[in-house]
Amino acid sequence: MSKIIISCAVTGSIHTPSMSPYLPVTPQAIAEQAIAAARAGAAILHLHARNPADGRPSAQLEDFMAFLPAIREETDAVINLSTGGSAVMSLDQRLAGPMAAEPEMCSLNMGTMNFALYPMLGKRTEWLHDWEEPFLRDSDDLVFKNTPRDIATVLELLGRERGARFEFECYDLSHLTMLRHFVDRGLVQAPIFIQFVMGVLGGVAAEPEHLAYLKQTADGLFGDDYMFSVLAAGRQQMPMAGLCATMGGHVRVGLEDNLYIARGELAKSNAEQVEKVREIVEAAGRVVATPDETRAMLGLKGKDKVGF
Ligand code: KMH
Ligand code: ZN
């Protein structure tokens, strides 16, 4: 089996500041936690920006630039900027930061879907910021728009024009078919890095049999031209990562998708999750890839060719 790539998604746009005091939302906290995650073994840092005033998801260049140079200075990690941003943003808003920052990698969401966050309202009645409760509540009528035109736009602007390669986020079987369609159109080339996204309400559930079938389907569609990784949102994060490691895949952890380190126990940092997944994958006999090994495996343009 090849070396295993650990990605860490440091803050995301799903969780809100009231849910955990450890969720990094200021530029300093995002930088510190990203650097620590890289030191713990994450070769790829999947990054979103936040508005430093209130922790709201942002994709503005100034909010990315408040932490990207520090991370670049202190680590060798591959920077992967989200083009998903937040489902409440337009595509233009989502692409603002990544277009100017020109990272080595970007995420690319492979289908339009529901993205329901409202179950996380739970019983909470106290919120640190006014935006949090409506942000979650209104997700019962939210469409995460990733049409074929949107996907082609990202491939063209970030991929062809700026040399980024992609973390293809596939939340269901249909997203694999869509990815194959873009291979057939000549807009996606090997090596293809697929992130199976499991456990989002609107996508496939985080169940072992679903992962087996996603992999079997991707094997049929992409043969030797692809690698796969798994992120499971919520409490299935570590069990699915362990399963994926034994299946020859790669893993993604981070507070973007799970705030906990054990049942009922908040993770105190992203690095804590990276350390835990590292133990799990090493126990499964896998060797963790360095950032430069990851660059070679994914055919990335190089750390010196970014815009920050
Ligand atoms: N947090 C994941 C479920 C993106 O950044 O493009 C979705 C995600 C999307 O990572
Ligand atoms: Zn993300």
Six or more apart or on different chains, Cβ under 7 Å: which pairs go from a residue in the stretch 257-269 that's β-branched (Val, Ile, Thr) to one that's assigned to a strand (DSSP E or B) and surrounded by 15 or more Cβ atoms within 10 Å (Cβ to Cβ)? Could you list them?
none
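Could you please find all residues in the stretch 40-61 being hydrophobic (A, V, I, L, M, F, W, C), within 15 Å of ligand 1 (Cβ to nearest atom) and touching a residue at least 60 places away in the same chain (Cβ under 8 Å)?
Within the stretch 40-61, 42, 44 qualify.
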How many residues does the stretch 66-95 hold that are within 15 Å of ligand 1 (Cβ to nearest atom), among the β-branched types (Val, Ile, Thr) and part of a loop (DSSP other than H, G, I, E, B)?
2
Name the residue, out of 289, 218, 271, 284, that is hydrophobic (A, V, I, L, M, F, W, C), within 23 Å of residue 20 (Cα to Cα) and in contact with a helix residue (DSSP H, G or I) (Cβ under 9 Å, 6 or more places away or on another chain).
271
Can you find even one residue in the stretch 243-255 that is in contact with a Leu (Cβ under 6 Å, 6 or more places away or on another chain), touching a residue at least 60 places away in the same chain (Cβ under 8 Å), farther than 21 Å from residue 175 by Cα and crowded, with 19+ Cβ neighbours inside 10 Å?
yes
Check 252, 263, 286, 278 and return the single one that is within 17 Å of the chain's Cα centre (by Cα) and basic (Lys, Arg).
252
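For every residue, the table says whether it meets (1) within 16 Å of ligand 1 (Cβ to nearest atom); (2) over 17 Å from the mean Cα position of the chain (by Cα); (3) surrounded by 16 or more Cβ atoms within 10 Å (Cβ to Cβ); (4) part of a strand (DSSP E or B).
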{"position": "193", "(1), (2), (3), (4)": "yes, no, yes, yes"}
{"position": "206", "(1), (2), (3), (4)": "yes, no, yes, no"}
{"position": "210", "(1), (2), (3), (4)": "yes, yes, yes, no"}
{"position": "214", "(1), (2), (3), (4)": "yes, yes, yes, no"}
{"position": "228", "(1), (2), (3), (4)": "yes, no, yes, yes"}
{"position": "236", "(1), (2), (3), (4)": "yes, no, yes, no"}
{"position": "292", "(1), (2), (3), (4)": "no, yes, no, no"}
{"position": "297", "(1), (2), (3), (4)": "no, yes, yes, no"}
Going through the stretch 152-189 one residue at a time, which ones are crowded, with 21+ Cβ neighbours inside 10 Å, within 29 Å of residue 25 (Cβ to Cβ) and of a type in the set (A, V, I, L, M)?
154, 158, 164
Some residue of the stretch 53-69 being in contact with a Pro (Cβ under 7 Å, 6 or more places away or on another chain), surrounded by 24 or more Cβ atoms within 10 Å (Cβ to Cβ) and aromatic (Phe, Trp, Tyr):
yes
If I go through the stretch 83-99 residue by residue, how many of them are among the charged types (D, E, K, R) and over 12 Å from residue 58 (Cβ atoms)?
1
Restricting the stretch 98-135 to residues that are part of a helix (DSSP H, G or I) and without any contact (Cβ under 8 Å) to a residue 24 or more places away in the chain, the one nearest to residue 19 (Cα to Cα) turns out to be 121
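Bear in mind that the values in this text are calculations on the coordinates, not laboratory data. Worth saying up front: this structure is predicted, and the values here are computed from it rather than measured. In this analysis, Cβ positions are derived from the backbone assuming ideal geometry, glycine residues included, and neighbour counts consider all displayed protein chains.
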